[in-house]
Amino acid sequence: MLKELGFLQMWRLICWLRPPSTPECTSPTLKSYCKSKINPAHLTHNQFIKITDNGSPENKGNGMLERLNLDRIWPEMKAAEEMSPRHLNRLRRLLSMSQEYSPRNHLGSRWREYHGSNDWSGLLDPLDENLRREVVRYGEFIQAAYHCFNSNPATPADEPPFPQHVALPDRSYKVTKSLYATSSVGLPKWVDEKAPDLGWMTQRSSWIGYVAVCDDRREITRMGRREIVIALRGTATCLEWAENMRDLLVQIPGEYDPSHGQPKVECGFWSLYKTHGVQVSSLAESVVEEVRRLIDLYKGETLSITVTGHSLGAALALLVADELSTCTQEAPPVAVFSFGGPRVGNRGFANRLNAKNVKVLRIVNSQDVITRVPGMFVNENIDKKLRNTKITGVLNMLDNNMPWAYSHVGTELRVDTKMSPYLKPDADVACCHDLEAYLHLVDGFSASNCPFRANAKRSLVRLLNEQKSNVKKLYTSKAKALTLNLEREGSFPMSSCLPSPS
């Protein structure tokens, strides 16, 4: 009988069985519904599906329906709901050519707090909307580095590097310096002979990022300071992968505080950071020289330094921040925003960064295995508890002597692929480590105990383009059907909004 009933008639049947205004209502779910003072029997179909600007229902009747789980007793209800105008309107917005963002509010006097002065205390869970916007913005700086690398992948060994054109997502910034990383390992000559077309993958020196500075007076006022950004991409060449595998800890040259422990970092990361190329300086020399120049150029202004990177770039970002924090006598505040970063050094290195007041926010996907390497498997929370027990001396001894005693540094913002309604729960390793997937998860993150936020802003176009096999079939089929319909109407040329692969 239920199948023969219309949508409105079914609602009236529910109301007849359990009127919302009944004072004897004892179910917590129905109690919350009663408080809304809305009688669904009086709603028209159009009123029921009316949508607010942020994509959430204006009335609570639909929430009541979802909480009743009627799709279990009436499967057709689930299909009707999933293909309702509400869902299609939301999907159409998320596939829009015009990118939407969370509000860019005035940070003003609170900029140091958003830059990590208090280790982002009280801003992460639930996630502050201003911080969400800033984190996504830094991720897009990294995406610009990936795109630039793809357009001109390597530096010829016998020619000086030419300046790279970087299409920044934020026009308030200008690029002032290209950065290169050089590997200290090489591949056999027969590789070049057998695969000459892959020469760009075997280059010892490759473009890895850039330095940019905010040059817009209105944006400087909004942020409360002039910002210097260093953005670094992840692994992209064979030799960089080879360096990633060199996972023994090596000591950082120079003096250190014995109370903090001997600072050590991964051999391969240190090699990429410190090695000179044929025609280029090391990454360490280039970034320090440029930041010193900018600090001198804008002397007297309020400045900040933000280093952001993904994967390998996240690891190098910590080495960059460590050196920039003491590159001048009055160095500006230094913060790192890293995405999918591996462990970089031991506890002595983490203590060194903390002593230098370098602030680190690690954005971590729970399903991303890269964030749990290199080194022995360590649960940071358990390790922290053990440090307060009698065995702390044994742990410190292991930190100083074990070649794989790695430790994370900084504050963690944890997201999870399984929280996204669009991605498959069993998404593959590549998807869980993908930068666009990270930005998608951050944009939808509300709190650790809350679902993906309904008013997420970030477009799904790039995610569908790069991770189509990991997106739930329901949404890929919807997106395909919706795109075809809009293309027929002449209002949605899908091909024009697809970015180049990164």
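The values are calculated or read from the model by the stated rules, or taken from the named source; none is laboratory data. This is a predicted model, so every value here is computed, not measured. All Cβ positions, even for glycine, are placed from backbone atoms using ideal geometry, and neighbour counts span all protein chains on display.
Below, the figures for the structure above:
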item	result
Which numbered condition S304 misses (of (1) surrounded by fewer than 19 Cβ atoms within 10 Å (Cβ to Cβ); (2) under 29 Å from the mean Cα position of the chain (by Cα); (3) more than 29 Å from R372 (Cβ to Cβ))	(1)
Counted residues, segment 272-301 - those being closer than 21 Å to W111 by Cα and crowded, with 24+ Cβ neighbours inside 10 Å	1
Criterion (over 17 Å from T411 (Cβ atoms), hydroxyl-bearing (S, T, Y) and crowded, with 21+ Cβ neighbours inside 10 Å) met by exactly one of S311, S338	S311
Set G300, G348, G340: member being touching a Cys at 6+ places or on another chain (Cβ under 9 Å) and either more than 13 Å from V229 (Cα to Cα) or at pLDDT below 95 (or both)	G340
Identity of the residue in segment 190-219, under 22 Å from G268 (Cα atoms) and at pLDDT 70 or above, that ends up surrounded by the most Cβ atoms within 10 Å (Cβ to Cβ)	G209
Filter result (over 17 Å from R372 (Cα atoms) and touching a His at 6+ places or on another chain (Cβ under 8 Å)) within segment 307-342	P333, A335
When residues of segment 420-438 are limited to those that are under 27 Å from A144 (Cβ atoms) and touching a strand residue (DSSP E or B) at 6+ places or on another chain (Cβ under 8 Å), the one surrounded by the fewest Cβ atoms within 10 Å (Cβ to Cβ)	H433
Test for S109: is it in a loop (DSSP other than H, G, I, E, B) and surrounded by fewer than 21 Cβ atoms within 10 Å (Cβ to Cβ)	no
Failed condition for F269, given (1) closer than 24 Å to F149 by Cβ; (2) surrounded by fewer than 20 Cβ atoms within 10 Å (Cβ to Cβ); (3) in contact (Cβ under 8 Å) with a residue 60 or more places away in the chain	(2)
Test: residue in segment 372-383 that is under 23 Å from the mean Cα position of the chain (by Cα) and either surrounded by 23 or more Cβ atoms within 10 Å (Cβ to Cβ) or at pLDDT 95 or above (or both)	no
Segment 235-263, subset farther than 29 Å from F149 by Cβ and in contact (Cβ under 8 Å) with a residue 24 or more places away in the chain, residue surrounded by the most Cβ atoms within 10 Å (Cβ to Cβ)	P263
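Quick grid of which residues meet (1) at pLDDT below 90; (2) more than 14 Å from the chain's Cα centre (by Cα):
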| position | (1), (2) |
| --- | --- |
| D416 | no, no |
| V429 | no, yes |
| A437 | no, no |
| S459 | yes, yes |
